[in-house]
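Below is one structure, written out as structure tokens; the observations come after it.
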Amino acid sequence: MSDAMDTMTDSVLPDSLSERIGGVLREIRVPDLPYPVGQPEQSHNWTALLREHWSRQTDQRVSAVLADLEGPWSVQQVNGAYLADRIMDVFLRSSGLHPVLVTRLARLRYPLAWRLVEEERPVFAGLLVSWLDSFADWRGWSDSGGRSSRALLDQLDRVVEVVDQCFLDNDLAPFANFCEKWHREADRRHQHSSRLHQRLLETEAGAARQRRADQLSRAIAGRAMEGRQLPAPMQDFLIQHWLPLLRQLAWREGDSGDNWRHATRLLEWMVWVGDPALSGQETDRLYQVGEQLSDRIAEVWQRIWEEAPPRGPLAAVETVLVDRLRGGDPVVESTRARVEQLDYDPAWLETSGAQPDSLEQYRKNWFVEGSGDQEQRRFFLAYLDETAEVLWSNGYGVRLGLTRWHEFRESLDAGRVRPLPPLTRFGDVLADTVAALDRVLASQRSQRQAAARKARERADHLRQQREAEARQRAEAEAARKAEAERQAKQAREQAEQAEADRLEAVREAARARAVAEVDRLNMGGWIALKKTPDNDEQRLKLAVRINASRKLVFVDRLGLNRTELTVDDLVERLLSGTARLLGASAEFDETLSRVVGRIRVGR
């Protein structure tokens, strides 16, 4: 358990990446995804649903699964499914792993979606990064059906069981334990494969040298004997004795030394001497060659094998030489059967090796042949200079075969073999995908802020519009009220004016009547004047009328208390009610008062 905890601790993603993932899960919105209305609780069958599809090892996208079912799904569940799909889809397209591998690995979208939603920090994503990045060691894996191929598929079958246990336990410890064991095994495999590669190189280098010596000697002998007619003893010596000498010489010294040049030259002279069609017309030269040929053969043989040549076969060759020098006609036969036994390839005579600078772009790289599930991947382990061949391995020290250099270049030019593109690590896919979605989220945030700003602006505009309308209504109401008040005031003023006019008319009429009454007031006529606020009246009698100044002189009963009033003053007093004209009763009262006064005087 402690190893599992250490593995999970070491696999935690950087804080910045974790925060970006959290922001994407909470806030991003992707068109056509089944987002909820409002904020529903997370669906209780979320874990069971993803475990079911993981156990069945389906290749359906998690978002498609949610779209086919009724939720409601929370925002984090919808975004978790989309993020897991997006990451695994990019990894599926760009990883560079074999299609069979990456198809199975992409099904990890289900546990990834599960843990993205369930975890506050993406621990499982960190474990996946550490584990899937280690598949760089398996980039050359091919579904060949071999033991190493089957071993990796068995491990992936084990992953299905381990992750299913994580679903059941709601715990990542089983997967963390698996990853920790996987990495230990990878370290052991690296050490072992390094030793295997070194051993393979040593073995193949020796085999290449031996193979080149054999093929080159066969090609040299085959080319010299092709289409010739030679005596049987000569053919036997060439195939049974001189060919092994050429092979030994090519293996020990190569094809660039003096011994190789002398040995191949002697091969050609033996064929020339033995075939009458070649040497029959050149007697002088035949003598020159024939005299030295036997000694030269023995000399080269001695240098190579460090012993004298076998006496019997060499004697047979010398017999043929003597017979030819004497002008004889030895029995000859076609070399066709012997050449067919050689089964030589003339291409070995024209081998053009690769240039050192051109090898650097191929050595220690992966190449692929075929496509889809049928593609086969091979590791360019080494170029064998001796044979101009490419040595292929499976990347772990197992030999996959050899290809002649020119054949490799032809296949490469024709597109039958192509370099394997650089591997895209899962950690890079995760970081790039999250970064791209984070940029989308930043754009959405800006759009939301812009939309909120526009909404506030629209709200402010509507508020201002309503306030303006309210002000307009208030102003209109105030104007209406002001107009009503103005009209009411105007009506009141008109009414008051009418009343004033009426009162003025009444006043004028009263004035006219008062003037008329005053004009009719005769001498001795009586008036009453109010003297005090208590309405006490003083009765006065008109004593004098002065028409020129329109003055009236009044006196009391006794002729005393002279009071002067103008006609206008009297009229005004009459109109104001502070004076009144007295009629006949006043005269009677005056007469009565005067009689009574006289009686009192008489007494």
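Quick notes on this structure:
- In region 276-301, the residues that are small (Gly, Ala, Ser) and assigned to a loop (DSSP other than H, G, I, E, B): 280
- Test: residue 83 is farther than 23 Å from residue 182 by Cα and surrounded by 19 or more Cβ atoms within 10 Å (Cβ to Cβ): yes
- Residue list for region 365-395, restricted to those being open to solvent by 30 Å² or more (accessible area, probe 1.4 Å) and more than 17 Å from residue 412 (Cβ to Cβ): 372, 373, 374, 385, 386
- For region 64-83, a tally of residues being in a helix (DSSP H, G or I), out of contact with any Phe, Trp or Tyr (no Cβ under 9 Å at 6 or more places or on another chain) and of a type in the set (Gly, Ala, Ser) returns 2.
- Members of region 166-180 that are over 15 Å from residue 130 (Cα atoms) and open to solvent by 30 Å² or more (accessible area, probe 1.4 Å): 168, 169, 170, 171, 174
- Within region 142-177, if we keep just the residues that are in a helix (DSSP H, G or I) and at pLDDT below 85, the residue that is nearest to residue 109 (Cα to Cα) turns out to be 149.
- In region 541-567, the residues that are closer than 18 Å to residue 578 by Cβ reach residues that are hydroxyl-bearing (Ser, Thr, Tyr) with C-beta atoms within less than 8 angstrom, at least six apart or across chains, in these pairs: 552/566; 554/563; 566/549.
- Check on residue 248, more than 43 Å from the chain's Cα centre (by Cα) and open to solvent by 40 Å² or more (accessible area, probe 1.4 Å): yes
- Filter pass, residue 273 being assigned to a helix (DSSP H, G or I), more than 23 Å from residue 327 (Cβ to Cβ) and touching a residue at least 24 places away in the same chain (Cβ under 8 Å): no
- The set of residues from region 116-153 being farther than 18 Å from residue 180 by Cβ and among the charged types (D, E, K, R) comprises 118, 119, 120, 121, 139, 143, 147, 150.
- The numbered conditions (1) among the hydrophobic types (A, V, I, L, M, F, W, C); (2) open to solvent by less than 40 Å² (accessible area, probe 1.4 Å); (3) closer than 30 Å to residue 227 by Cα are all true for residue 426 except (3).
- Selected residue (criterion: surrounded by the fewest Cβ atoms within 10 Å (Cβ to Cβ)) from residues of region 319-358 that are among the aliphatic types (A, V, I, L, M), at pLDDT 80 or above and farther than 22 Å from residue 247 by Cβ: 331
- Residue identified as in contact with a Ser or Thr (Cβ under 6 Å, 6 or more places away or on another chain) and open to solvent by less than 30 Å² (accessible area, probe 1.4 Å) among 153, 127: 127
- Residue count, region 530-545 (criterion: at pLDDT 85 or above and either exposed (fewer than 15 other Cβ atoms within 10 Å of the Cβ) or closer than 28 Å to residue 504 by Cβ (or both)): 1
- Answer from 489, 531 - the residue that is out of contact with any strand residue (DSSP E or B) (no Cβ under 6 Å at 6 or more places or on another chain), without any contact (Cβ under 8 Å) to a residue 24 or more places away in the chain and basic (Lys, Arg): 489
- For region 218-245, a residue qualifies if it is over 24 Å from residue 279 (Cα atoms) and open to solvent by less than 20 Å² (accessible area, probe 1.4 Å), and exactly one does: 245.
- Considering (1) among the aliphatic types (A, V, I, L, M); (2) without any contact (Cβ under 8 Å) to a residue 60 or more places away in the chain; (3) in contact with a Lys or Arg (Cβ under 9 Å, 6 or more places away or on another chain), the lone condition that residue 521 does not fulfil carries the number (2).
- Here residue 275 fulfils each of the conditions (1) loosely packed, with under 13 Cβ neighbours inside 10 Å; (2) touching a strand residue (DSSP E or B) at 6+ places or on another chain (Cβ under 9 Å) apart from (1).
- Matching helices (runs of 4 or more DSSP H) fully within region 89-141 where at least 3 residues are hydrophobic (A, V, I, L, M, F, W, C), in contact (Cβ under 8 Å) with a residue 60 or more places away in the chain and closer than 26 Å to residue 170 by Cβ: 109-118, 123-133
- Residues in region 164-219 that are among the polar types (S, T, N, Q) and under 30 Å from residue 247 (Cα atoms): 198, 203, 210, 215, 217.
- Residue in region 505-517 that is modelled with pLDDT of 80 or more and open to solvent by 70 Å² or more (accessible area, probe 1.4 Å) present: yes
- Residue 299 vs. criteria at positive phi, among the acidic types (Asp, Glu) and open to solvent by 40 Å² or more (accessible area, probe 1.4 Å): no
The values are calculated or read from the model by the stated rules, or taken from the named source; none is laboratory data. It should be emphasised that the depicted structure is a prediction, and the values quoted were computed from it without experimental measurement. Reconstructed Cβ throughout: ideal geometry from the backbone, glycine too, with neighbour counts over all protein chains shown. Ligands, DNA and RNA are excluded from the accessible area calculation, which covers all protein heavy atoms including side chains. Shrake-Rupley method; radii C 1.70, N 1.55, O 1.52, S 1.80 Å.
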